[in-house]
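Heads up: the structure comes next, in structure tokens.
Every number in this text was worked out from the coordinates using simple rules, so none of it is lab data. Note that the structure is predicted; figures quoted are calculated from it, not measured. Don't worry about glycine lacking a Cβ; one is built from the backbone with ideal geometry, like all the others, and counts go over all protein chains shown.
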Amino acid sequence: MGLRPVLRMGDPRLLVPADPVREFGTAALAELLADMHATMLALDGAGLAAPQIGVPLQVVIFGFERNVRYPDAEAVPETVLINPLLTPESEELEDGWEGCLSVPGMRGLVHRYRRIRYLGRDAAGNELDRSVGGFHARVVQHEVDHLHGILYPMRIRDLRNFGFTAEIAPGSPAD
Ligand code: NI
């Protein structure tokens, strides 16, 4: 299929918890991942969750060498993460600006755990187990939130730190 429309905040499908994937290595899963990848790249996304294209499964992808929407972010390995489980590695939190392809043109300041461990599976069903920090940890927390029906604006603690990208970060690509 290729590019898929990304649902925007307000669409009730973004609020529904996603179901686990039960079968790996299937043509349907490969097609979903190919569509997600094409869609994420076309929109310069740092990550994408399956519910954002209307598929209620616990599938996220993320990663980039460089990302025009987050020019200051360090590289994050390109990853397929299915049926994820996150645990914080400490209680330490960090503020950072986030955007979302489902909330185009906006940015908000969000508290996230600085370091997390994540478990899950890749497209073939192999186990993933990583301990990460920084922007990598932020992206994973953001994407996995989508699988629980949570969009980042719900996590902004002070809504004065929520606004249009063009006002908050002039000169950055308007998404
Ligand atoms: Ni998002």
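Take every pair of alpha-carbon atoms less than 8 Å apart whose residues are at least six positions apart; their mean separation over the length of the range 58-175 yields a relative contact order of 26 percent. Its Cα centre serving as origin, the range 16-111 has a Cβ charge dipole (Lys and Arg +1, Asp and Glu -1) of approximately 380 debye. Of the residues 137, 96, 123, the one whose Cα sits farthest towards the positive end of the charge dipole of the range 78-175 is 96 (charges of +1 on Lys and Arg Cβ, -1 on Asp and Glu Cβ, taken about the Cα centre).
Under the simplified labelling scheme, the residue 24-residue 92 pair shows an inter-label distance of 3.2 nm, with each label point 7 Å from Cα along Cα→Cβ. Report summary: the helix-based calculation at 222 nm, which adds -39500 (n - 2.57) for every DSSP H run with n ≥ 4 and divides by the residues of the chain, gives -6000 deg cm²/dmol.
The mean of 1/r over all distinct Cα pairs in the chain, once inverted, gives the Kirkwood hydrodynamic radius of 16.2 Å.
Out of the trypsin sites (Lys or Arg not before Pro) in the range 1-97, which ones are loop residues according to DSSP with at most 15 other C-beta atoms within 10 Å? Answer by residue number: 8, 22, 66.
If you fit an axis through the alpha-carbon atoms of helix 27-42 and take the longest principal axis of the Cα set of the chain, what angle between them do you get, 0 to 90°, nearest 10? For 27-42 against the chain, the angle is about 20 degrees. The trypsin sites (Lys or Arg not before Pro) of the range 106-166 that DSSP puts in a loop, and whose beta carbon has at most 13 other beta carbons within 10 Å, are 157. Between the Cα long axis of helix 134-147 and the first principal axis of the chain there is an angle of about 60°, rounded to the nearest 10. Each 5 Å bin from zero up to the one holding the largest Cα-Cα distance in the range 120-167 carries the following percent of pairs: 5, 15, 17, 22, 21, 7, 6, 5, 1. Along the chain, the longest continuous region that contains none of the GluC sites (Glu not before Pro) in a DSSP loop with at most 16 other C-beta atoms within 10 Å is 93-175.
For the range 34-121, the fraction of alpha-carbon pairs lying more than 17 Å apart is 56 percent, rounded to a whole number.
Any chance you could run the full-extension gain for residue 31 through residue 117? It's 0.36 nm times the residue separation minus the Cα-Cα distance, nm to one decimal. All intermediate terms of the calculation are to be shown ahead of the outcome.
Numbers: separation 86, 0.36 × 86 = 30.96 nm, distance 2.79 nm.
Here the segment from residue 31 to residue 117 would lengthen by 28.2 nm.
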